[in-house]
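The values are calculated or read from the model by the stated rules, or taken from the named source; none is laboratory data. Since the model is a prediction, treat every value here as computed from it, not as a measurement. Note that we place each Cβ from the backbone using ideal geometry, even for glycine, and neighbour counts take in every protein chain shown.
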């Protein structure tokens with residue numbers, strides 16, 4: 001990384017501002033890497049906003065904030081980084097492919113969350129490039145929660161990074177199965193929480209132009225629907241690894257296979273009987289660094 005950019009926000013970053021920047025030309029991925037961009041925001045949890053999150057994610061309310069709440073509420077900071085003029089590639093070419101989340105300590109429902117997101121690194125692959133975004137949430141000065149969100153873009157960017165390893169999704173054997181129909185809407189309301197107004201999640205006409213049957217869910221909202229149907233694990237530190245493999249359409253019938261063992265619970269979500277999973281996840285105790 002060859003340049004440092006720090007973005008400090010006193011309030012939620014404006015979606016209008018960063019979505020307007022998304023149409024600007026990008027400098028391209030050049031030799032020497034990408035800028036070291038960090039974005040930070042202190043967020044006070046509001047009861048109405050938290051209630052809206054629970055309603056949209058399907059996660060039940062509890063005494064503390066759920067695992068996916070900081071990921072959703074901190075996502076506008078990801079958007080501000082991906083739409084920075086110095087970021088090498090346009091956001092509309094970026095696709096979320098993996099999430100890695102670790103909850104170190106409980107977060108109070110009325111907490112003030114000190115959220116910081118930075119580019120942790122990138123790698124060149126045979127047919128594309130990946131960028132890792134590291135988010136950290138501090139409460140009372142200590143790290144209580146963190147994540148690594150990996151974005152992929154297709155293309156040719158030179159020689160692959162030596163030793164680059166792309167984690168493979170675990171295999172999930174048919175075991176316990178839950179079946180339900182996904183909600184029929186809510187994309188705009190969830191975009192209001194996450195700052196992600198990607199038209200693929202909002203307009204079926206736009207989605208069809210890009211090869212999809214219709215508009216589809218934000219992936220973290222689908223993860224909430226999955227976690228809500230798994231055995232609850234309140235032990236900390238807790239880690240969730242998720243592979244985002246395909247779209248989950250609004251109103252679609254889905255089935256989730258899951259299996260539990262000594263190393264936690266693995267699960268895979270399938271849309272309308274498709275043998276290929278749309279999402280694969282592994283929920284387990286955290287025993288290593290999230291950046292390992």
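The set of residues in the stretch 238-273 that are loosely packed, with under 15 Cβ neighbours inside 10 Å and farther than 19 Å from residue 181 by Cα comprises 261, 262, 263. Of the residues in the stretch 61-72, at least one is touching a residue at least 24 places away in the same chain (Cβ under 8 Å), within 20 Å of residue 15 (Cα to Cα) and either part of a strand (DSSP E or B) or out of contact with any helix residue (DSSP H, G or I) (no Cβ under 8 Å at 6 or more places or on another chain) (or both). Hey, could you check the stretch 10-33 for residues that are touching a residue at least 60 places away in the same chain (Cβ under 8 Å) and in contact with a strand residue (DSSP E or B) (Cβ under 8 Å, 6 or more places away or on another chain) and say which is nearest to residue 129 (Cα to Cα)? The selected residue is 29. Somewhere in the stretch 98-112, is a residue surrounded by fewer than 18 Cβ atoms within 10 Å (Cβ to Cβ), closer than 26 Å to residue 287 by Cα and either in contact with a helix residue (DSSP H, G or I) (Cβ under 7 Å, 6 or more places away or on another chain) or without any contact (Cβ under 8 Å) to a residue 40 or more places away in the chain (or both)? Among the residues of the stretch 98-112, at least one is surrounded by fewer than 18 Cβ atoms within 10 Å (Cβ to Cβ), closer than 26 Å to residue 287 by Cα and either in contact with a helix residue (DSSP H, G or I) (Cβ under 7 Å, 6 or more places away or on another chain) or without any contact (Cβ under 8 Å) to a residue 40 or more places away in the chain (or both), which makes the answer yes. Exactly one residue out of 56, 82, 68 is within 30 Å of residue 124 (Cα to Cα), buried (at least 21 other Cβ atoms within 10 Å of the Cβ) and either modelled with pLDDT of 95 or more or more than 18 Å from the chain's Cα centre (by Cα) (or both), and it is 68. Picking from residues in the stretch 194-214 that are in contact with a helix residue (DSSP H, G or I) (Cβ under 7 Å, 6 or more places away or on another chain) and within 16 Å of residue 16 (Cβ to Cβ), the one that is surrounded by the fewest Cβ atoms within 10 Å (Cβ to Cβ) is 199. When residues in the stretch 128-175 are screened for being assigned to a loop (DSSP other than H, G, I, E, B) and either exposed (fewer than 12 other Cβ atoms within 10 Å of the Cβ) or in contact (Cβ under 8 Å) with a residue 40 or more places away in the chain (or both), 21 of them pass. Taking (1) touching a helix residue (DSSP H, G or I) at 6+ places or on another chain (Cβ under 8 Å); (2) under 30 Å from residue 27 (Cα atoms); (3) modelled with pLDDT of 95 or more in turn, residue 136 satisfies each apart from (1). Kindly evaluate residue 276 against the criterion of being under 24 Å from residue 74 (Cβ atoms), exposed (fewer than 15 other Cβ atoms within 10 Å of the Cβ) and either in contact with a helix residue (DSSP H, G or I) (Cβ under 9 Å, 6 or more places away or on another chain) or modelled with pLDDT under 95 (or both). So residue 276 fails the test.
Of all residues in the stretch 273-292, those that are under 20 Å from residue 103 (Cβ atoms) and part of a loop (DSSP other than H, G, I, E, B) total 7.
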